[in-house]
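Each remark here refers to the structure printed beneath this line.
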Amino acid sequence: GNIEIESQTSHPADAERYLMDALGLSETLRDSEFTARVHIALGHLFANRYGDAERAMEHITATEGLEDALGDPHVLRSFLMLKAWFNLELQADYPAAEEHFTQAVALARRIHSPAMLAFARYGLAFVKYFQRRIDDARKDFEALAMEFNALGFPSYVVESLWMVAECCLWLGDLPGFNGI
């Protein structure tokens, strides 16, 4: 199911079928962390592949009910990022998105995860961008381009630089745009 979600040639319906099968199997396993991971994957699928906020919210709510599973920092990491992007992109609830990305930053520092730290800060940069705090967003995206390069995530280097270019346009900085 996760492969179908992430693949360039993905088939969301196949992902849904696999993940719903996994969710059904999770009931017999009685493993709340596994169940939470499946709900998180389904939340991601419905939010980011289907754009179905209502169905995504069902899985977010189900995950919130698995409090013991959220004690695992890796489950919590995935859940915080799901909720943050969900609030940012589907709900336009910038304060909630900022809160969840900020919690993810703190968790990344606690578990010493440079990649998670960069991705959480990337989300915070988008919060600033969508709130039209363009100068701050630009600075963040410039720093993130270097961080993602050091971490070996070239597609996020390009995305960050693209966002710097967009910020330059918003700020009327044509030389900056051309430089990017």
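Looking at Leu70, Leu45, which one is at negative phi and surrounded by fewer than 20 Cβ atoms within 10 Å (Cβ to Cβ)? If you could, list the steps in order and put the result at the bottom.
On the way: Leu45 fails: surrounded by fewer than 20 Cβ atoms within 10 Å (Cβ to Cβ).
The unique qualifying residue is Leu70.
Of all residues in region 150-169, which are in a helix (DSSP H, G or I) and surrounded by 15 or more Cβ atoms within 10 Å (Cβ to Cβ)?
First, pick out the residues of region 150-169 that are in a helix (DSSP H, G or I): 150-151, 154-169.
Of everything in region 150-169, those that are in a helix (DSSP H, G or I) and surrounded by 15 or more Cβ atoms within 10 Å (Cβ to Cβ) turn out to be Leu151, Tyr156, Val157, Glu159, Ser160, Leu161, Met163, Val164, Ala165, Glu166, Cys167, Cys168.
For residues in region 131-142 being touching a residue at least 12 places away in the same chain (Cβ under 8 Å), in a helix (DSSP H, G or I) and open to solvent by 30 Å² or more (accessible area, probe 1.4 Å), which is nearest to Ala118 (Cα to Cα)? Full working, then the answer.
Step one: filter region 131-142 for residues touching a residue at least 12 places away in the same chain (Cβ under 8 Å), giving 131-132, 134-135, 137-138, 140-142.
Narrowing further to those that are in a helix (DSSP H, G or I): 134-135, 137-138, 140-142.
Among the residues that remain, those that are also open to solvent by 30 Å² or more (accessible area, probe 1.4 Å) are: 135, 138, 140, 142.
Working: Asp135: 19, Arg138: 15, Asp140: 10, Glu142: 12 Å.
Step by step, filter region 131-142, then rank; the result is Asp140.
Tell me the residue from Ser26, Ser7, Ser78 that is of a type outside the set (Asp, Glu) and modelled with pLDDT of 95 or more, please. Give the derivation first.
Numbers: Ser26 fails: modelled with pLDDT of 95 or more; Ser7 fails: modelled with pLDDT of 95 or more.
From the options Ser26, Ser7, Ser78, the qualifying one is Ser78.
Right, Thr61: in a helix (DSSP H, G or I), free of Cβ contacts under 8 Å to residues at least 12 places away in the same chain and open to solvent by 60 Å² or more (accessible area, probe 1.4 Å) or not?
Working: in a helix (DSSP H, G or I): yes; free of Cβ contacts under 8 Å to residues at least 12 places away in the same chain: yes; open to solvent by 60 Å² or more (accessible area, probe 1.4 Å): yes.
Taking the combined requirement at face value, the residue satisfies it.
Could you grab me the full set of residues in region 1-33 that are touching a residue at least 24 places away in the same chain (Cβ under 8 Å), out of contact with any Pro (no Cβ under 9 Å at 6 or more places or on another chain) and assigned to a helix (DSSP H, G or I)?
Quick first cut of region 1-33, residues touching a residue at least 24 places away in the same chain (Cβ under 8 Å) only: 1-2, 5, 10, 12, 15-16, 19, 32-33.
Pick out the ones that are also out of contact with any Pro (no Cβ under 9 Å at 6 or more places or on another chain) and you get 1-2, 10, 12, 15-16, 19, 32-33.
Once the filter is applied, which keeps residues that are touching a residue at least 24 places away in the same chain (Cβ under 8 Å), out of contact with any Pro (no Cβ under 9 Å at 6 or more places or on another chain) and assigned to a helix (DSSP H, G or I), region 1-33 yields Asn2, Pro12, Ala15, Glu16, Leu19, Ser32, Glu33.
Can you tell me which residue in region 170-180 is nearest to Ala92 (Cα to Cα), limited to those that are part of a helix (DSSP H, G or I) and either touching a strand residue (DSSP E or B) at 6+ places or on another chain (Cβ under 8 Å) or small (Gly, Ala, Ser) (or both)?
Taking region 170-180 as the starting set, the residues that turn out to be part of a helix (DSSP H, G or I) are 170, 174-179.
Those left that are additionally either touching a strand residue (DSSP E or B) at 6+ places or on another chain (Cβ under 8 Å) or small (Gly, Ala, Ser) (or both): 176, 179.
Numbers: Gly176: 28, Gly179: 31 Å.
Filtering first and then ranking leaves Gly176.
Any residue at all in region 108-118 that is open to solvent by 60 Å² or more (accessible area, probe 1.4 Å), within 14 Å of Arg77 (Cα to Cα) and not basic (Lys, Arg)?
The initial filter retains those residues of region 108-118 that are open to solvent by 60 Å² or more (accessible area, probe 1.4 Å), namely 109-110, 112, 114.
Subset that is within 14 Å of Arg77 (Cα to Cα): 109-110, 112, 114.
Applying the additional criterion that residues be not basic (Lys, Arg) yields 112, 114.
Yes, region 108-118 contains at least one residue that is open to solvent by 60 Å² or more (accessible area, probe 1.4 Å), within 14 Å of Arg77 (Cα to Cα) and not basic (Lys, Arg).
The values are calculated or read from the model by the stated rules, or taken from the named source; none is laboratory data. All values derive from a computational prediction rather than experimental measurement. Cβ: placed from backbone, ideal geometry, glycine included. Neighbour counts: every protein chain shown. The protein model used for the area step is the full one, side chains on, heavy atoms only, and it has no ligands, DNA or RNA in it. Shrake-Rupley method; radii C 1.70, N 1.55, O 1.52, S 1.80 Å.
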